[in-house]
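Encoded as structure tokens, the structure appears first; notes follow it.
The values are calculated or read from the model by the stated rules, or taken from the named source; none is laboratory data. Everything numeric here is computed off the predicted structure, so don't read it as measured data. Glycine also receives a Cβ, built like all others from the backbone with ideal geometry; neighbour counts cover every protein chain displayed.
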Protein chains: 2
Amino acid sequence: MKPKKNLKIEIMAIGSELLTPYFQDTNSLFLTERLNDLGMEVSYKTIVGDDWDDLALSIKQALSRTDVIIAIGGLGPTQDDRTREAFATVLERKLIFNKELLQKIEGRFKHRGLSMPAVNKKQSYVIDGAEILENRNGTAPGLWLDTGSNKIILLPGPPHELKPMFDESACPHLQEFKTDYTARKVLKITGLTESKIDTLILDLYPDSPYLRMTILSHPGQIEIHLSSHSKKSQEQADKRVQKLETNILERLKENVFSASGEELEEVVGNLLRLNKRTLAVAESCTGGLLGHRLTNVPGSSDYFLLGVVAYSNKAKINALGVSPSLIEKYGAVSSQVAEAMAQGIREKARSNLSLAVTGIAGPTGGTPEKPVGLVYIALAWDKGSKLKKNLFLGNRDKIKYQSSQKALDMVRRHLAKNKKKKRALK
Amino acid sequence: MKPKKNLKIEIMAIGSELLTPYFQDTNSLFLTERLNDLGMEVSYKTIVGDDWDDLALSIKQALSRTDVIIAIGGLGPTQDDRTREAFATVLERKLIFNKELLQKIEGRFKHRGLSMPAVNKKQSYVIDGAEILENRNGTAPGLWLDTGSNKIILLPGPPHELKPMFDESACPHLQEFKTDYTARKVLKITGLTESKIDTLILDLYPDSPYLRMTILSHPGQIEIHLSSHSKKSQEQADKRVQKLETNILERLKENVFSASGEELEEVVGNLLRLNKRTLAVAESCTGGLLGHRLTNVPGSSDYFLLGVVAYSNKAKINALGVSPSLIEKYGAVSSQVAEAMAQGIREKARSNLSLAVTGIAGPTGGTPEKPVGLVYIALAWDKGSKLKKNLFLGNRDKIKYQSSQKALDMVRRHLAKNKKKKRALK
């Protein structure tokens with residue numbers, strides 16, 4: 001690949017609904033990812049409505065400041081859909097009727113037993129000199145146009161139409177302007193705070209234009225996004241990202257639970273299946289979230305046997321066999337009750353492992369001794385048990401989520417340790 | 001209020017992270033809502049990075065095409081934060097050191113027992129002629145500047161800093177340009193499809209520049225957003241929206257579950273509390289989501305007694321008392337098993353009401369007779385029971401969500417009907 005000039009790119013999302021408080025352009029995130037894979041960066045994103053003057057001015061300014069414009073939306077059949085017309089007007093090019101295209105659009109309707117509404121005829125007009133990008137999932141065709149000074153891509157708004165069209169028809173046009181080979185990796189981490197991670201890997205922050213590291217922080221989970229470029233070869237790009245990944249893994253060790261995209265519940269599910277272990281859960285403050293996350297994974301019935309949401313004391317006593325005196329003595333939110341809940345659900349479900357969560361999710365119910373965010377989590381197995389006392393910050397949602405994350409992570413670390421022990425014994 | 005010219009507004013989000021696939025500007029949605037409340041519309045949204053030339057050009061073009069620019073971000077202490085400098089340069093105005101501001105920023109650090117890093121001094125420079133907007137939650141001050149031809153508002157990026165600053169300090173400046181009184185309302189609906197709703201209210205679509213109706217469709221829930229304007233008075237704006245609301249309610253009746261923002265689980269919770277009824281749930285394919293949603297509502301322990309996630313046949317038999325022969329004869333996904341699960345959990349929890357959900361969430365496990373998306377939901381109470389057979393579309397997530405929504409809605413309709421009966425008896 002010869003070194004080439006980097007193209008200046010603008011993504012323009014068109015539609016008055018995108019200027020209300022209710023809708024947001026998300027297509028540009030997908031497009032940016034794809035462009036980054038080609039070694040290309042986005043310089044501007046513009047959102048503009050259906051107003052003719054605003055739209056025409058946006059197009060004019062975009063043409064003057066960038067090499068590539070990717071415009072999204074406004075290709076539909078209604079009066080509000082003016083993207084084709086606005087580009088044609090600003091570029092001073094004609095819209096030319098395309099009979100073949102009309103037949104294709106009519107065919108789509110016929111296929112569904114419908115006749116094409118007259119308004120859709122509009123969609124069979126093509127800007128003079130443009131190439132049609134086929135739409136497998138809708139009637140609005142896309143367009144590719146190279147004016148010499150600008151490359152213009154028009155894409156439909158619905159993501160399920162835009163995504164395949166971009167990958168199949170628009171991307172090949174951009175491919176020839178690809179300047180760099182690229183590679184990417186996402187590391188997911190739990191059990192360390194963002195500032196702790198920062199301290200551990202501060203000196204690894206790449207001081208190279210070919211490498212980028214971005215840290216995204218969520219409650220209970222941190223992600224490190226790595227990306228690399230190479231002018232030379234894919235191999236070099238891969239090696240660059242791999243080297244950085246290896247260095248980070250050495251520092252963060254088992255706190256990294258995924259380097260290939262899996263969610264924590266998938267990692268835990270795989271470990272349970274691999275180790276031929278089953279799990280049951282007793283939930284108080286998480287209220288079902290733990291079961292919900294475990295069962296988000298297809299095939300989880302292989303290892304997830306039973307969940308009990310025991311919100312009240314009565315439910316803890318009747319459904320989990322927790323002794324009333326224990327609750328009276330230590331309170332429902334206590335290490336003792338957490339452990340009794342874990343033992344109770346394990347016996348009831350006859351599972352290998354069990355988890356129990358009891359805490360105060362708020363916003364009310366906290367006391368100076370037992371504040372909102374105090375959560376006890378117990379893990380029990382055939383030969384023992386483990387307990388964690390946590391103090392989570394945030395609102396009810398966040399406390400519930402962090403509790404479920406911590407609970408799943410306790411299973412993960414327990415099974416990973418088991419694996420190591422077995423290896424050591426061999 | 002005298003009639004005034006409508007201001008042309010652009011929101012500009014500044015920061016290179018907003019040009020990656022990982023971050024999205026959400027502040028503009030909040031700002032748009034607030035501007036709409038003032039009777040103002042947004043014409044352009046621009047997203048630009050830290051590159052000096054790109055940023056300066058964006059500012060220049062925004063100044064030429066709009067009356068008001070609200071710029072977000074780039075007010076921090078680091079080298080990448082160039083919003084103040086870029087606006088000052090394009091406007092050909094000086095940045096003037098403000099001693100008082102420096103003392104305030106130093107004070108923030110001192111308060112936390114820290115000394116101010118030298119880089120933060122940068123934040124105490126103010127564009128000549130601008131007014132400082134106080135930041136209660138961070139060090140970056142905002143700015144308000146009226147150049148005669150443009151009104152410029154600079155706000156910090158973090159939402160918890162931006163929101164109070166806009167409401168307390170920026171909004172009062174815009175208030176005097178308020179052209180209209182406005183009112184808003186959101187109706188939430190479940191149990192009708194979007195096309196059914198469209199048919200029912202098609203002729204109610206307002207043919208007035210003073211009223212707007214937007215339908216947002218989610219799986220299992222449709223929202224109708226109503227907004228109105230009046231040049232005359234708040235009362236007129238309120239009346240306009242109320243009239244439209246009344247007309248819609250007449251058509252959609254009890255399918256509207258909320259007209260004041262509550263989620264379905266809150267509405268159900270309030271009805272349970274009001275009717276002094278308790279609830280228990282037995283979940284198979286929803287896997288805990290139903291319990292999770294019920295317990296997202298603070299105080300839900302008042303009425304939510306017990307949840308059991310019985311994913312396997314064994315769990316259905318052991319934990320819910322479903323007879324093995326029933327499962328063998330009809331299958332775990334059947335109306336008979338759903339009803340047995342509902343009876344089982346009701347007896348176990350001694351609750352007034354109970355829900356049971358069993359179905360095939362996919363992606364695998366479907367057959368021609370029992371396809372993915374087939375979900376049976378049973379509601380049981382002291383004097384009877386009710387069963388719904390559903391065929392939901394979408395992926396695993398969406399099928400789980402729609403199942404939980406339908407189940408909650410069955411409780412809502414049951415209790416609402418009860419209420420009506422009681423009224424009739426009086």
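Before moving on, here are some points about what is shown:
- Test for A:Thr286: is it buried (at least 24 other Cβ atoms within 10 Å of the Cβ), closer than 28 Å to B:Ser404 by Cα and facing chain B (nearest Cβ under 7 Å): no
- Test: residue in the stretch A:364-385 that is in contact (Cβ under 8 Å) with a residue 40 or more places away in the chain and within 12 Å of chain B (Cβ to nearest Cβ): no
- Restricting attention to the stretch A:301-334, the residues that are modelled with pLDDT of 95 or more and closer than 30 Å to B:Asn395 by Cβ total 7.
- A single member of B:Met40, B:Met12 is within 12 Å of another protein chain (Cβ to nearest Cβ) and over 30 Å from B:Gln236 (Cβ atoms), and it is B:Met12.
- Checked against (1) β-branched (Val, Ile, Thr); (2) surrounded by fewer than 23 Cβ atoms within 10 Å (Cβ to Cβ); (3) in contact with a Gly (Cβ under 8 Å, 6 or more places away or on another chain), B:Ile399 passes all but condition (2).
- Residue tally, condition assigned to a loop (DSSP other than H, G, I, E, B) and of a type in the set (Phe, Trp, Tyr), over the stretch A:311-336: 1
- Test for B:Lys122: is it of a type in the set (D, E, K, R) and over 25 Å from B:Leu18 (Cα atoms): no
- Conditions (1) surrounded by 15 or more Cβ atoms within 10 Å (Cβ to Cβ); (2) in contact with a Leu (Cβ under 8 Å, 6 or more places away or on another chain); (3) away from chain A (no Cβ under 12 Å): number failed by B:Ser404: (3)
- Scanning the stretch A:92-136 for residues that are basic (Lys, Arg) and closer than 21 Å to A:Leu155 by Cβ yields a total of 6.
- Among the residues making up the stretch B:252-277, those that are among the acidic types (Asp, Glu) and surrounded by 15 or more Cβ atoms within 10 Å (Cβ to Cβ) are B:Glu262, B:Glu263, B:Glu265, B:Glu266.
- Any hit, the stretch B:52-72, residues being in a loop (DSSP other than H, G, I, E, B), within 14 Å of chain A (Cβ to nearest Cβ) and either surrounded by fewer than 20 Cβ atoms within 10 Å (Cβ to Cβ) or modelled with pLDDT of 90 or more (or both): yes
- Selected residue [assigned to a loop (DSSP other than H, G, I, E, B) and either within 13 Å of another protein chain (Cβ to nearest Cβ) or surrounded by fewer than 24 Cβ atoms within 10 Å (Cβ to Cβ) (or both)] from B:Val308, B:Val357, B:Val297: B:Val297
- Any hit, the stretch B:378-390, residues being in a strand (DSSP E or B), at pLDDT 95 or above and of a type in the set (S, T, N, Q): yes
- Residue that is of a type outside the set (Val, Ile, Thr) and either away from every other protein chain (no Cβ under 12 Å) or over 27 Å from B:Glu33 (Cβ atoms) (or both), where the choices are A:Gln79, A:Gln24: A:Gln79
- Checked against (1) surrounded by 19 or more Cβ atoms within 10 Å (Cβ to Cβ); (2) more than 14 Å from every other protein chain (Cβ to nearest Cβ), B:Ser233 meets all criteria but (1).
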